[in-house]
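Every read-out reported here was derived from the displayed coordinates using simple, explicitly stated rules and does not represent laboratory data. The structure presented is a predicted model; accordingly, all values stated were derived computationally and were not measured. Ideal geometry is used to build each Cβ from the backbone, glycine not excepted, and the neighbour counts take in all protein chains shown.
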Amino acid sequence: MSIKEEILKLKEENDICILAHCYQNPEILEVADFVGDSFALAVEAEKVQNKNVIMCGVRFMAETVKILSPDKTVYLSNKNAGCPMAEMMDKALITEVKKQFPDYMVVAYINTTSDLKTVCDVCVTSSSAQKIVSKLDTDKILFIPDCNLGDYISKQIPDKEFKLLNGGCPTHARIEPEDVQKAKEAHPNALFLVHPECKPAVVELADYVGSTTGIMNFAKESDHDEFIIGTENNIAVHLSNECPEKKFYTVTDTFVCPNMRYTTLENVLECCKGEGEQIELDEETRVGAKRCIDRMIELG
Ligand code: 13P
Ligand code: SF4
């Protein structure tokens, strides 16, 4: 039996749901019950009925499942898969920053630790941020940790006042406008689709700005047939597999999130056998973080 067949068999036998972020490798997507962006995964995490859930993604995503489903056994596909952005700001830092801006509402990108979420007011994802921030009953927003996403959202909602901190995704922040110009020169007929975690000067060059699934849906539905994909290179891989009649180009070979690539089919099989890392959260942290996620799902 192949690893894939073994996973599919154990998934049925052991009442397991496999969730995968769309940055995962193609073979992981093939065994997943649900593939999506951060917001879709959070919504799915709340609905899932199975006793066991394997999150193929990074740690904060597995924590989100556990926060919403404390009675389920939740596995992180690979114990080393963290998100550097989620781990760059902690509760102590933000507690201090809040003292400087006491009348600001703290809006946390979902790429944050559960512990940090306990001192924030609401979570957002790249696909839900604009809608949620618009609906908030305040015009003073302290947006953490991604200053690039924060900058993009602040431009979409100019009537609100934003305070940003100097955090972000090292993978997206690596891309420079010159890289995009080179890709555009090589593919002059292609539309440039970008994730708002990229630098503002990169986002300015885009024909479309959106989350990972936003980018995928735009490319699939567009009449255009050539695209430069301004996010993790696996999105270009998935789109090429799904739309073989269209052409998808990467910006650079280095647009890769190492943490998202750690998960292998062997890791997933291990979790299916009950041998992977199980997420544990103390109840105080879980309930404190849940407040922010519930609010996100309610407003999103
Ligand atoms: P989305 O899935 O919300 O597009 O976010 C991308 C990302 O970097 C997840 O870690
Ligand atoms: Fe974190 Fe960036 Fe990797 Fe997403 S792509 S998991 S934000 S480091």
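Under the Karplus relation 6.51 cos²θ - 1.76 cosθ + 1.60, θ = phi - 60°, what is the ordered set of whole-Hz ³J(HN,Hα) values for the range 277-291, x standing for Gly and Pro?
Each residue of the range 277-291 in turn: 6, 8, 7, 10, 10, 6, 4, 5, 5, 4, 5, x, 6, 4, 3 Hz.
Have a look at Asn241, Phe162, His195 and report the one farthest towards the positive end of the charge dipole of the chain, computed about the Cα centre with Cβ charges (Lys/Arg +1, Asp/Glu -1).
The one lying farthest along the dipole's positive direction is Phe162.
Which residues make up the longest stretch of the chain clear of GluC sites (Glu not before Pro) that lie in a DSSP loop with no more than 15 other Cβ atoms within 10 Å, not counting the sites?
On the way: sites that count: Glu204, Glu245, Glu275, Glu280.
Longest site-free region, per DSSP loop and neighbour criteria: 1-203.
Any number yet on Rg/Rh for the range 118-276, C-alpha, Kirkwood?
Working: Rg = 17.4 Å, Rh = 17.1 Å.
Answer for the range 118-276: 1.02.
List, in order, the whole-Hz ³J(HN,Hα) value for each residue of the range 118-125 obtained from phi through the Karplus relation with A = 6.51, B = -1.76, C = 1.60 and θ = phi - 60°; use x for Gly and Pro.
For the range 118-125, the Karplus curve yields 5, 10, 10, 9, 7, 9, 9, 10 Hz.
I need the per residue convex hull volume for the chain, using only the alpha carbons, in cubic angstrom as a whole number.
Details: hull volume 38.0 nm³, N = 300.
Spread over its residues, the Cα hull of the chain gives 127 Å³ apiece.
Karplus couplings for the range 190-195 from phi (6.51 cos²θ - 1.76 cosθ + 1.60, θ = phi - 60°), rounded to Hz, Gly and Pro as x?
Once rounded to whole Hz, the list reads 8, 7, 9, 10, 10, 8.
Using a cut-off of 17 Å between alpha-carbon atoms, which lysines can reach Lys246, once sequence neighbours fewer than 8 places away in the same chain are excluded?
Correct list for Lys246: Lys184, Lys220.
Assign unit charges at the C-beta atoms only (+1 for Lys and Arg, -1 for Asp and Glu), then state the dipole size of the range 1-147 relative to its Cα centre in Debye, rounded to the nearest 20.
That gives a dipole near 280 debye.
Points 7 angstrom from Cα along the Cβ direction at Lys131 and Asn189: gap in nanometres?
Inter-label distance under the simple model: 3.5 nm.
Using Cβ contacts closer than 10 Å as the measure, can you line up Ser240, Ser77, Ser2 from fewest to most? Mind dumping the intermediate values first?
Details: Ser240 15, Ser77 28, Ser2 8.
Ascending number of Cβ neighbours within 10 Å: Ser2, Ser240, Ser77.
Note down the magnitude of the dipole of the range 62-176 about its Cα centre, charges +1 on Lys and Arg C-beta and -1 on Asp and Glu C-beta and zero elsewhere, to the nearest 20 debye. Intermediate values should be presented prior to the final figure.
Numbers: 14 positive and 15 negative charges, 42 e Å.
Using Cβ point charges on Lys, Arg, Asp and Glu, the range 62-176 gives about 200 debye.
Going by a ≥ b ≥ c, the root eigenvalues of the Cα gyration tensor, does the range 225-300 fall in the rounded group (a/c under 1.5), the prolate group (a/b larger than b/c) or the oblate group?
Taking the square roots of the gyration eigenvalues as a ≥ b ≥ c, the range 225-300 is oblate.
Taking a cut-off of 24 Å between Cα atoms, list the lysines near Lys4, but don't count ones fewer than 8 places away on the same chain.
Straight-line reach from Lys4, under 24 Å: Lys51, Lys72, Lys79, Lys273.
Would you calculate a helix-derived [θ] at 222 nm for the chain, using -39,500 (n - 2.57) for each DSSP H run of n ≥ 4 and dividing by the full residue count, to the nearest 500? Kindly include the intermediate steps, with their values, before the conclusion.
Working: 16 runs with 135 residues, N = 300.
When only DSSP H runs of four or more count, the value is -12500 deg cm²/dmol.
Compute, for the chain, the length of the dipole vector about the Cα centre, with Cβ point charges of +1 (Lys, Arg) and -1 (Asp, Glu) only. Units Debye, rounded to 20. Walk me through the numbers on the way to the answer.
Details: 32 positive and 50 negative charges, 110 e Å.
So the magnitude is around 520 debye.
Toward the positive end of the charge dipole of the range 150-235, about the Cα centre and with charges on Cβ (Lys, Arg +1; Asp, Glu -1), which of Thr212, Phe227, Thr171 goes farthest?
Going by the Cα projections, it comes out as Thr171.
In the neighborhood of His238, defined by Cβ-to-Cβ distances under 13 Å, what is the net charge if each Lys or Arg adds +1 and each Asp or Glu adds -1? Could you put the intermediate results ahead of the total?
Numbers: positive: Lys220, Lys246; negative: Glu27, Glu30, Asp37, Glu232, Glu242.
Net charge around His238: -3.
Calculate, for Tyr249 and Thr138, the FRET efficiency according to 1/(1 + (r/R0)^6) with r their C-beta to C-beta distance and R0 51 Å; round to the nearest 0.05.
On the way: r = 41 Å, r/R0 = 0.81.
That pair, Tyr249 with Thr138, gives E of 0.80.
Given the options Val48, Pro84, Thr73, identify the residue whose Cα lies farthest towards the positive end of the charge dipole of the range 1-120 (+1 on Cβ of Lys, Arg; -1 on Cβ of Asp, Glu).
Looking along the dipole axis, the top candidate is Pro84.
To make sure I understand, if each residue's beta carbon is the centre and we count other beta carbons within 10 Å, what order do Thr171, Thr213, Thr95 fall in, fewest to most?
Numbers: Thr171 24, Thr213 19, Thr95 12.
Ranking Thr171, Thr213, Thr95 by Cβ neighbours within 10 Å, fewest first, gives Thr95, Thr213, Thr171.
Provide Met88, Met296 in ascending order of the number of other Cβ atoms located within 10 Å of each residue's Cβ, fewest first.
Fewest to most other Cβ atoms nearby, the residues stand as Met88, Met296.
Within the P(r) computed for the range 2-77, what percentage of the Cα pairs occupies the region above 22 Å? All intermediate terms of the calculation are to be shown ahead of the outcome.
Working: 403 of 2850 pairs.
That fraction is 14 percent.
Taking the alpha-carbon distance from Lys160 and a cut-off under 28 Å, which lysines remain once sequence neighbours fewer than 8 residues away in the same chain are dropped?
List returned: Lys91, Lys98, Lys99, Lys117, Lys131, Lys135, Lys140, Lys199, Lys290.
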